[in-house]
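The values are calculated or read from the model by the stated rules, or taken from the named source; none is laboratory data. All values derive from a computational prediction rather than experimental measurement. Note that we place each Cβ from the backbone using ideal geometry, even for glycine, and neighbour counts take in every protein chain shown. Accessible surface is based on the protein model in full, side chains and every heavy atom, while ligands, DNA and RNA are left aside. Shrake-Rupley method; radii C 1.70, N 1.55, O 1.52, S 1.80 Å.
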Amino acid sequence: MPSDALKAIVLAAGKDAGSLLTKHLGDRTIVECVLANLSQIVPPGEIYLVTAGGQAPLANGYHHVVQESPLGTGHAVLQAAHALRDYRGNLLILYGDTPLVRSGSLLGLLNRHRLRQAHLTLLTAVADRPLPYGRIIRDAAGHIMDIIEEKEASADVRGIRELNVGAYVVEAGVLFHALERQNRLTDCVHALIRSGLRVESYRIYDQDEVQGINSAEDLARAEFIVEKRLFRPRRQEEQNLVTFGTGGWRAVIGEGFTMHNVRRLSQALANEITRQGQESRGVVIGYDRRFLSRQAAEASAEVFAGNNVSAVLLTEDAPTPLITYATSIRGSAYGLAFTASHNPPEWNGLKVFRGDGSLLLDHETRAIEIETNSLTPHQVIKLELDIGLEAGIIQPGDFTNQYVDAVEALIDLEAIRKAGLKVMVDPMYGVGQLTLGTVLTEARCRVSFIHERHNPLFGGRSPAPNQEALRLLASHMREGVYDIGLAMDGDADRIAIVDERGEYIPVNDILLLLYWYLHEMRGERGGVARNLSTTHLLDRLAHNLGEECYEVPVGFKHIVSTMQEHQALLGGESSGGLTIRGHILGKDGIFAAALIVEMLACTGQKVSGLRKTVYGITGRLYALEESLPATPEMRVAVPRRLKEMPAGRIGQYPVLRVSQMDGTKLYLENDNWALVRFSGTEPVLRLAVEADSEQKATELVDWLRQFVRA
């Protein structure tokens, strides 16, 4: 048998054996967690599970070995000796109460054992908290000399931070020969170290892996660790998983966003189209200016073509709302926009739309995720791009003129032409320049652009149109004589504005102005839909106008579905997305910008004057937002802390009610509120408040910040 042959023994026959086989850590028992990690390296048929007498054997193909009497860990290992009597390879030995040791650490242990050609290799860890493990004793050259158990250690030895975790790789013949003279496995390890054999170690640095489970307190701590690991920023990417957030799939380029995952995701979508018999409807595929967006779109088109699904591939980078529009007018099975929207330049991703142009709903994305992540490269079917184009199963497409016509049909171009407005536009190196520029030029506006050239790094910052990012636009507005400054994010589905004085106008105010304008100046009727992090001044305005305001979770798909259900006039969110009834079922920064220009032209007022008019109806509330990096620990601890929080007060202010619809939202008196929620698109924790004064808003954010960091 080759020297790199491997079998494993898991010891689950100690005094707490019953709890290891019955108590759960997540959706598995403790031992099942150990076996699940181990099975990623060693096939179940090569794993020997040692349990105490009377314990029912586990299924799943593991060898079940019984230790009838509790005569020590060495004796437990010997129970597998008969089954392994002809085996001459390596044995990996684990304890059944250490379910948090990662499969990657076991792989590192095995790799080091093989490369160093060792007889015995130990798994060790460096810990900064006291744990009941043996201390690793090394000589001046760093070689392992001994392991001293904690109960036998002097105070100096207890100060050693390197611990014996209790996982070993050892040659089977060497181990079984030594065990004939030792009852305890640790005594056997001592003997092997002292016998002059080649002993090596592999060190782990994640202290969470060292956590054993021997008490209720240990189990609670382990449960916390398991939950925390689920939110490691790169965990899903390292495991090559595709996951959807509130705005589609997004991942770091080269980590989660790879051509392999693009093809798997496209195959899963093609499979669903085939199951539904919708091949003839085809797909529309577009992309923005990000690095690899065009290449990803081409790779996706090849997969759809390989599955006999026709694909329209846009010929140039395009705004997401244009792709949404094209999907809708064609009635395609899906629309795909390769973009990461406003995320930093090292990210890319995909937004998937249904045939009506709306984003996929949560249950649909979950099904696509599951199928995508189950696919192997051999299950992806593709047809080379040049062959697909020649055969016509892939067709080049350009919907720019049709989309511009659709926007202009909803805008009073003649009124804008008469106004002779001067406009400054910042597309933030994104894809909004051509379409918005065409609309404004045809409306006879004097248009100037900044940041219009193609730059996949977006000038070294996220293409998010926030106040900090629009400082240059604000500076131009103050220095020039412009009526309005317009900005869009990288894929042009979000809007921001700077007024004639160079003041950044919060998106909450944009929604107020447009809802008032549509209702009072255009004479259109209907309620308004907003997400729960958007201003409650919309509620006040809607009430004053005799309409309803509908609150929904974050995610524009929720806004769209509510607009459809209630025939709402406007839907929007504080992050910059909005649409109106009769337009596309998605955010549209191009249309929103054109509508704002129309509002100025038809009212003859500046933004500053319009804000005073609307504030005269609604009064004032002051919004404040803050984003904190979301560590894995926070992902677990913050929701627990919020559930345990007394619901009566936030600081000195009484809480009227609490909602867990999306994160935790605390409703206070006079339309004041505070919200804590984790972003669905970035690894951050959002804190958002709205209050009667700026001082009160600051107090609420300070309280939230201290609370979530406690």
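Observations on the model:
- Two-site label geometry, Ser69 and Asn214: point separation in nm, points 7 Å out along Cα→Cβ: 2.4
- Region 120-257: mean projected area of Cα convex hull, nm²: 12.3
- Note on Ser154 and Thr631: their simple-model spin labels are 3.7 nm apart, each label 7 Å out from Cα toward Cβ.
- Antiparallel DSSP beta bridges within the chain, percent to nearest 5: 55
- Average accessible surface for region 166-296: 43 Å² per residue, computed with a 1.4 Å probe over protein heavy atoms with every protein chain in place.
- Principal-axis tilt of helix 694-709 within the chain, Cα atoms, nearest 10 degrees: 20
- At a probe radius of 1.4 angstrom, the accessible area of region 454-593 per residue rounds to 32 square angstrom.
- Average silhouette area of region 309-415, convex hull of alpha-carbon atoms, in square nanometres: 9.5
- Alpha-carbon centroid distance for the pair region 410-470 / region 165-212, whole angstrom: 67
- The rule of thumb for compact globular proteins, 2.2 N^0.38 Å, goes into the C-alpha radius of gyration of region 160-231 1.44 times.
- Two-decimal ratio, region 513-554, of alpha-carbon radius of gyration to 2.2 N^0.38 Å: 1.10
- Carbon and sulfur %, accessible surface of the chain computed with the full protein complex present, 1.4 Å: 48
- Accessible area of region 96-145 divided out per residue, in Å², using a probe of 1.4 angstrom: 45
- One quarter of the surface of the convex hull around the alpha-carbon atoms of region 297-370 equals 5.7 nm², the direction-averaged projected area.
- Cα pair distances exceeding 20 angstrom across region 93-150, given as percent: 35
- In degrees, nearest ten, helix 362-374 long axis to first principal axis of the chain (Cα): 40
- Put the Cα centre of region 480-537 next to the Cα centre of region 653-710 and the gap is 23 Å.
- Full-extension gain in nm, Arg525 to Gln706, via 0.36 nm per residue minus C-alpha separation: 60.8 nm
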